[in-house]
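The values are calculated or read from the model by the stated rules, or taken from the named source; none is laboratory data. Source: prediction; values computed, not measured. Cβ placement follows ideal geometry from the backbone for every residue including glycine, while neighbour counts extend to all protein chains displayed.
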Amino acid sequence: MKKQIMYQVDAFASELFAGNPAAVCILDAWLPEDLMQAIASENNLSETAFALPVDAGYEIRWFTPENEVALCGHATLATAHVLFETGKVNEDRIQFLSRERGLLHVSREKDQLVLNFPLDPPEAVVLPEGLAGAMGAHPQACYRGQTDYLLIYAKQGDVEALNPDYSLLQRIDCRGIIASAPGDGVDFVSRFFAPGCGVPEDPVTGSAHTLLIPYWHNRLSKTKMIAQQRSPRGGELQCEYLGDRVRIGGRAVTYMKAELYLPLTNF
């Protein structure tokens, strides 16, 4: 057996039981990939992050209950929160190295943590067959990023009223589907659905905003924006367009510290 400390953090939240919960394991050596996937499946949270210290900062990987993903915002925010809170990092900036999206940064700025991620430019595309039916409402426009579709609706109420058929959404070839619209009192709102990754609706999705921020920057001609994700738990994000990168700010709260007893055989 190997003992491993794991934290559970509510990200993009200033109090417990809000925002998006993520599990975080700070490793001293990489675990077998199928063991990391088994831990994420056992946690059954939208993301479990694993981070390993290296000379340049921390390597980081993210797993949903069903698969590894290329980028995750809220679990990166949660990982930075753990590293700052436990004193493993004393500076106000952490550099993370991801396998597919390159360098990621998280800075501690007053009472917020701020993600600095590469931008995912939206490309206008033809709405995939079956997607409008699966969402239950036809969007005004459809865009595509590296892994996600972005559907634009007329108003916040349209996004809030969506009741997708997850079995149909699973047939769409993508990581997830973002639904977005102008906000009531904020610049824009969104929801994020990824049933193909074992996450029917994600509470707050930092990575989706790498696609949302450039879209709304172009539409609103603003570089700084306030966004809300209108899931049942919900969350607010401070967004900034930097040209080739974006900044996404939020808070985080530790919910739990646990000790895992991991088998090293059969993995």
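For region 164-197, the candidate set comprises residues that are touching a strand residue (DSSP E or B) at 6+ places or on another chain (Cβ under 9 Å) and assigned to a helix (DSSP H, G or I); within that set, the residue that is farthest from P121 (Cα to Cα) is Y166.
Being at pLDDT below 95, under 19 Å from the mean Cα position of the chain (by Cα) and surrounded by fewer than 16 Cβ atoms within 10 Å (Cβ to Cβ) is the requirement here; does P232 meet it?
Yes; evaluated as a whole, the condition is true for this residue.
In the set (1) of a type in the set (S, T, Y); (2) at positive phi; (3) crowded, with 24+ Cβ neighbours inside 10 Å, S221 fails one condition alone, (3). Exactly one residue among A124, A141, A132, A154 is touching a His at 6+ places or on another chain (Cβ under 7 Å), surrounded by fewer than 24 Cβ atoms within 10 Å (Cβ to Cβ) and either under 26 Å from H81 (Cβ atoms) or of a type in the set (G, A, S) (or both), and that residue is A132. Of the residues in region 218-225, at least one is assigned to a strand (DSSP E or B), of a type outside the set (A, V, I, L, M) and either closer than 25 Å to K110 by Cα or assigned by TED's automatic domain parsing to the domain that holds R175 (or both). For region 235-261, the candidate set comprises residues that are touching a Leu at 6+ places or on another chain (Cβ under 7 Å) and surrounded by fewer than 17 Cβ atoms within 10 Å (Cβ to Cβ); within that set, the residue that is nearest to T48 (Cα to Cα) is Y255. The requirement of being surrounded by 19 or more Cβ atoms within 10 Å (Cβ to Cβ) and at pLDDT below 95 is not satisfied by G183. Of all residues in region 86-113, those that are closer than 25 Å to Q146 by Cβ and of a type outside the set (D, E) have Cβ atoms under 8 Å from Cβ atoms of residues that are modelled with pLDDT under 95 and exposed (fewer than 13 other Cβ atoms within 10 Å of the Cβ), 6 or more apart or on another chain, in Q95/A56; L97/A56.
Criterion applied to G185, G157, G206, G176 was being in contact with a Cys (Cβ under 8 Å, 6 or more places away or on another chain), free of Cβ contacts under 8 Å to residues at least 40 places away in the same chain and small (G, A, S), and the one residue passing it is G176. Selection of helices (runs of 4 or more DSSP H) fully inside region 70-163 by the criterion of at least 3 residues being outside the structural domain of R219 (by TED's automatic domain parsing) and within 22 Å of A179 (Cα to Cα) returns 73-85. Scan region 202-211 and give yes if some residue there is among the hydroxyl-bearing types (S, T, Y), assigned to a helix (DSSP H, G or I) and out of contact with any strand residue (DSSP E or B) (no Cβ under 9 Å at 6 or more places or on another chain), otherwise no. No. When you look at S207, is it hydroxyl-bearing (S, T, Y) and farther than 26 Å from T79 by Cα, yes or no? In short, no. What is the residue count in region 9-59 for residues that are in contact (Cβ under 8 Å) with a residue 60 or more places away in the chain, in a strand (DSSP E or B) and over 29 Å from F193 (Cβ atoms)? Going through region 9-59 one residue at a time, the tally reaches 1.
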